[in-house]
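The values are calculated or read from the model by the stated rules, or taken from the named source; none is laboratory data. Predicted model only: the values in this text are computed from it and were never measured. Here the Cβ is made from the backbone with ideal geometry for all residues, glycine too, and neighbour counts use every protein chain on show. Each accessible area value is taken on the protein alone, full model and side chains, heavy atoms only, with ligands, DNA and RNA left out. Shrake-Rupley method; radii C 1.70, N 1.55, O 1.52, S 1.80 Å.
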Amino acid sequence: MLVVALGALAFIGLMPGTGDARSRPPGYQVHGIDVYSGHHDGKPIDWRQVRASGVDFVTRKATEGTAHNNPWFAEDFAQARAAGLAIAPYHFYLARSPNTGAAQADHFIAALRAVGYTGHRPGELPPVFDFEWDWQTGRCPAYGSVADAKAWLDKVERAFGRKPIIYTAKGFINGCMGGTTAFGSYPLQVADYDGDSPAMPPGWTKWLMWQYGEAAVPGIPGIPNVDVFNGTQAELDAMANRSARGGSVNGDAFADIVSVTSDGALRYYGNNFNVSPTAPYGNGYQIGSGWQTMRHASLGDVNGDGYSDVLAVKPDGTLWYYGNNFNVSPTAPYGNGYQIGSGWDAMKHFTTGDVNGDGYADLLAVKPDGTLWYYGNNFNVSPTAPYGNGYQIGSGWDVMKHVTAGDVNGDGYSDVLAVRPDGALWYYGNNFNVSPKAPYGNGYQIGSGWDVMKHVTAGDVNGDGHADVLAVRPDGALWYYGNNFNVSPKAPYGNGYQIGSGWDAMTHIL
C-alpha cells in the first residue's frame, strides 16, 4: 500500500521504498506487514521465514481498479496462510472514470473466489479497501466519491458476509473526501508514519491496524510496510476465524500440550514449532496436581476468548470446567474450576471441537451403546451449564480405540479422526451446516497401523489452520504427523517423525 507520488506524501512523512526503517511502536504485541508484487523484486517470498520472524498477519494486494490482478497474489495467499499467518486481501481503489466502485468490487470478488477465499476459513481476515491517492498522479482520485466507495464496500460485504476494513489516512479523508465521517463504522487500518500514535481520520475514534512505517523482514526480498494490531493475539485469531481451534493454552496460533502424569500432576508444554520443529514441546512444567482421578479431560475454547480451557470428568461423573487464566497466572492457569454437568462417567470417548463453527468448543461423546452425541456450547447464555442435553448424531462408535476432533480440512469446523480396532485411521468430515443431525456421515480411511498408539490427539501444531496429529507410540515416543490435506486428502498425515520421548507415563494427553 501507499504507492503514491511525492505530492501525496505529506500525511505519512516517509517515502515508501526508500529503505528508511522505523522501530516498532512500544506496547503492541501483534505485528503485521503490507505486501504487493513490488516487494517480491521478481523472487518468491519465503512465508515460513516471515512467520518465524514474528509477523502475525499480512494485508496482501489482490486487485486494482477494474482489470488489474496482482501477479503474485494467488501464490502468496496460499503460502502465507499455510505458514500460519492471518491474511487480509486488499483492493486498491482507482477512480479514473466515474461510477466504477461496483465494477471494481466485482473484479475483487472474482479474484478472491478464484483462490478459495470465503472470509470464514481459518487464517482469513476481512477484506481491505485501500482508499488513498492515485498512485500514478499523486493526487486525489479523479472520480473518487463517498458514494462510489460505498458501492464497493456494500457489494464486497454482501459477497463475503464480513464488514471490510478501510485502509486510509487523515490527510486523504480531509483533502480528498471533504472530511466526511461516513466511513466511521468500518474497521480502520490507519496509515501514519509520524508520532507515537496515529492521527485519526474524521469519523473514527479507534483503529484496528496501524501502518507506522517500513522495515526489512526476513524472507521478503523487498522492504514492506509494517503494522501493529490494536489488540491481543487471541483477538486477531478470533477475527481470523481461529478462536476455537483448540490446544492453544497461551493464546497464540499454535497448539500446546497439556498432560496428566501418573502421579496426577497436570503439566503444560508450550509450542515452539517455529524455532524447533523437531522438538517443539521441550521440557514443560507443572501447572496443577490431583488430576489422576479424572476419567476424561480435553482442551477446548469453551468461552470463546481464544484460549483453551479444560473440561474434565471426575470419578463421580460430574463434568467440570476449568477456565484459562494463562495471562494472569501462567504457572497455574486452570485454578479450581466448577461443575457444569453430571452423568458423564459412562462415556467411552470424550473430545472437544468447534462442531457448528461458531467459535466455541462443543462436546462430542460416545456412550456405552456406541452412539455418538453432540453437545452444543451455550456458554454465553448459561456459563454454569453450557452443554445442556445434547442429541445423538451417530452410532457404532463404541468399537473405536481413539476419537479426537480437529479442523482437518481448514474450513473452520471440527472434523473427527478415529482409530478402528484394526488400526485404520478414519476421517469424518464435518457437514454440520447441511446435516446438523448427522454431521459426520460415513467417513473414509486415511491411514493404518494406528492401533498401537497409546494416545492420539489432534491440534494445529504448526499454526497453518489445519489440525495435525500427535501420537504416543508404545515405547513412549511422541510423534508429529503434519497435515497435508490440501495436497493429499486421502492420506493427509504421511509418515510423521519423532519429536519427543518418555510420554508413555502420561495417563491423559489433552
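Brief remarks follow.
- When the residues of segment 376-385 are filtered to those that are free of Cβ contacts under 8 Å to residues at least 60 places away in the same chain and of a type outside the set (Ser, Thr, Tyr), the one that is least open to solvent (accessible area, probe 1.4 Å) is 376.
- Selection of segment 404-443 for residues being touching a helix residue (DSSP H, G or I) at 6+ places or on another chain (Cβ under 8 Å) and among the hydrophobic types (A, V, I, L, M, F, W, C) yields 418, 419, 424, 425.
- Restricted to segment 159-183, and to residues there that are under 26 Å from the mean Cα position of the chain (by Cα) and outside any strand (DSSP E or B), the residue that is nearest to residue 103 (Cα to Cα) is 159.
- Considering segment 121-158, the residues that are in a helix (DSSP H, G or I) and of a type in the set (Val, Ile, Thr) include one that is nearest to residue 110 (Cα to Cα), namely 156.
- Residues that are in a loop (DSSP other than H, G, I, E, B), of a type in the set (Gly, Ala, Ser) and crowded, with 22+ Cβ neighbours inside 10 Å were ranked within segment 278-308; the one that is modelled with the highest pLDDT is 308.
- Subset of segment 378-394 (residues that are in contact with a strand residue (DSSP E or B) (Cβ under 7 Å, 6 or more places away or on another chain) and modelled with pLDDT under 95): 388
- Restricting segment 56-112 to residues that are among the hydrophobic types (A, V, I, L, M, F, W, C) and part of a strand (DSSP E or B), the residue that is nearest to the chain's Cα centre (by Cα): 86
- Looking only at residues in segment 73-127 that are of a type in the set (Val, Ile, Thr) and closer than 23 Å to residue 358 by Cα, the one that is most open to solvent (accessible area, probe 1.4 Å) is 118.
- Selection count where residues are within 16 Å of residue 118 (Cβ to Cβ) and either surrounded by fewer than 23 Cβ atoms within 10 Å (Cβ to Cβ) or without any contact (Cβ under 8 Å) to a residue 40 or more places away in the chain (or both), scope segment 415-430: 0
- Selection count where residues are without any contact (Cβ under 8 Å) to a residue 40 or more places away in the chain and closer than 16 Å to residue 224 by Cβ, scope segment 40-69: 4
- Of all residues in segment 391-408 being in contact with a His (Cβ under 8 Å, 6 or more places away or on another chain) and within 13 Å of residue 440 (Cβ to Cβ), the one that is surrounded by the most Cβ atoms within 10 Å (Cβ to Cβ): 408
- Test for residue 373: is it within 18 Å of residue 457 (Cα to Cα), open to solvent by 10 Å² or more (accessible area, probe 1.4 Å) and not in a loop (DSSP other than H, G, I, E, B): no
- Selection from segment 391-408 of residues that are within 14 Å of residue 467 (Cβ to Cβ) and either assigned to a loop (DSSP other than H, G, I, E, B) or of a type in the set (Val, Ile, Thr) (or both): 403, 404, 407, 408
- The set of residues in segment 39-78 that are over 22 Å from residue 189 (Cβ atoms) and among the hydrophobic types (A, V, I, L, M, F, W, C) comprises 52, 67, 74, 78.
- Residue among 412, 388 that alone is open to solvent by 30 Å² or more (accessible area, probe 1.4 Å), outside any helix (DSSP H, G or I) and not basic (Lys, Arg): 388
- In segment 405-428, the residues that are under 11 Å from residue 450 (Cβ atoms) and polar (S, T, N, Q): none
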